[in-house]
Amino acid sequence: MRIFLVRHGESLGNISDQAYRQFGDHNVPLTQWGYRQALEAGRVIASYLEGLPDADALKLSVWYSPYLRTRQSKEALLEALPSAAVADIREDYLLREQDFGLFTEIYDHAEQKRKFPEEFEKWARLRNSNGKFYARPPDGESRADVSQRVRLFLQTVMHDAKGGRNTVIIVGHGVTNRAFEMNFLHHSVDWFERSDNPGNADVTLIEGSAREGYASTLLHKAADRLPGQDELRDAYGSELVVAPKIGP
């Protein structure tokens, strides 16, 4: 079985927190750089698949989060992948980004504390006493909550694998992709806490079999934009260039 975990490409939210306020977390688009990152990730996956002995018989299942930046990343991947090899393209809300509740669209800790001082202090106490993995932001999800719903999604993947669909591409977010890897490989909570989120458009490959075991490798490390390649020269002005919007 082969599973390619792909984080979405660079989004406007990765450049400026203003994007979350303007669009809402679910509707933040990719930058053009992010679209190119995802396109290159698709080319890397396509090249890897072409080198496999069973390349002609492969049937890919592509799963993606419903957020705009992951849908756009999925479109970029499909542009690079051989269309004849793609059997299924499906969205699953279980792959969505972590819900930060009251802190959604507020990623600066100082601003969180200023706007919601009591809730911020309670969250800080929970992180200190219970650990970051278990602490829920006010009205939001902990990383443990995300891991639980990703485990539900994993059941679908394994059910499909029994039917022969055992080459999978998952386009998700940093925390959800890391939670999937944790669940699939039976890593500990300590592993999760010590590991970092993958970078934008990074590709992690999980490969192996139930008999011989599975292992993960970083198949592709996406290139970051170079200094000076700034698409926000005039904060959301005429210089802002984003990837083409898809869907409603």
Quiz item: Just for the range 92-101: of the residues that are within 16 Å of the chain's Cα centre (by Cα) and surrounded by 15 or more Cβ atoms within 10 Å (Cβ to Cβ), which one is nearest to Gly164 (Cα to Cα)?
Solution: Asp92
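Condition check ((1) buried (at least 18 other Cβ atoms within 10 Å of the Cβ); (2) closer than 17 Å to Ala222 by Cβ; (3) of a type in the set (Asp, Glu)) across all residues:
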| site | (1), (2), (3) |
| --- | --- |
| Gln32 | no, yes, no |
| Gly42 | yes, yes, no |
| Leu49 | yes, no, no |
| Lys74 | yes, yes, no |
| Asp88 | no, no, yes |
Quiz item: Among the residues of the range 98-112, is there at least one that is under 24 Å from Leu154 (Cβ atoms), assigned to a strand (DSSP E or B) and not basic (Lys, Arg)?
Solution: no
Exercise. Mind counting the residues in the range 134-152 that are assigned to a loop (DSSP other than H, G, I, E, B) and surrounded by fewer than 18 Cβ atoms within 10 Å (Cβ to Cβ)?
Key: 4
Quiz item: Just for helices (runs of 4 or more DSSP H) wholly inside the range 1-97: which have at least 3 residues that are among the small types (Gly, Ala, Ser) and in contact with a helix residue (DSSP H, G or I) (Cβ under 9 Å, 6 or more places away or on another chain)?
Solution: 32-50, 68-80
Quiz prompt | Where a residue in the range 105-124 is closer than 11 Å to Pro138 by Cβ and of a type outside the set (D, E, K, R) and its partner, wherever it lies, is loosely packed, with under 12 Cβ neighbours inside 10 Å and modelled with pLDDT of 85 or more, with Cβ under 9 Å and at least six apart | solution = Phe120/Arg114
Quiz item: Exactly one of (1) buried (at least 17 other Cβ atoms within 10 Å of the Cβ); (2) part of a loop (DSSP other than H, G, I, E, B); (3) modelled with pLDDT of 95 or more is unmet by Ile206. Its number?
Solution: (2)
Quiz item: So Gly174 fits all but one of (1) surrounded by fewer than 19 Cβ atoms within 10 Å (Cβ to Cβ); (2) touching a Lys or Arg at 6+ places or on another chain (Cβ under 7 Å); (3) closer than 25 Å to Leu68 by Cα; (4) modelled with pLDDT under 95; what number is the exception?
Solution: (4)
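Anything in the range 153-170 that is touching a residue at least 60 places away in the same chain (Cβ under 8 Å), surrounded by fewer than 16 Cβ atoms within 10 Å (Cβ to Cβ) and either touching an Asp or Glu at 6+ places or on another chain (Cβ under 8 Å) or aliphatic (A, V, I, L, M) (or both)? List them, or say none.
The answer is Thr156, and nothing else.
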Quiz prompt | Residue list for the range 109-127, restricted to those being surrounded by fewer than 11 Cβ atoms within 10 Å (Cβ to Cβ) and either at pLDDT below 85 or of a type in the set (Gly, Ala, Ser) (or both) | solution = Ala110
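The values are calculated or read from the model by the stated rules, or taken from the named source; none is laboratory data. What you see is a predicted model; the values in this text were computed from it and never measured. Heads up, the Cβs are rebuilt from the backbone with ideal geometry, glycines too, and the neighbour counts pull from every protein chain shown.
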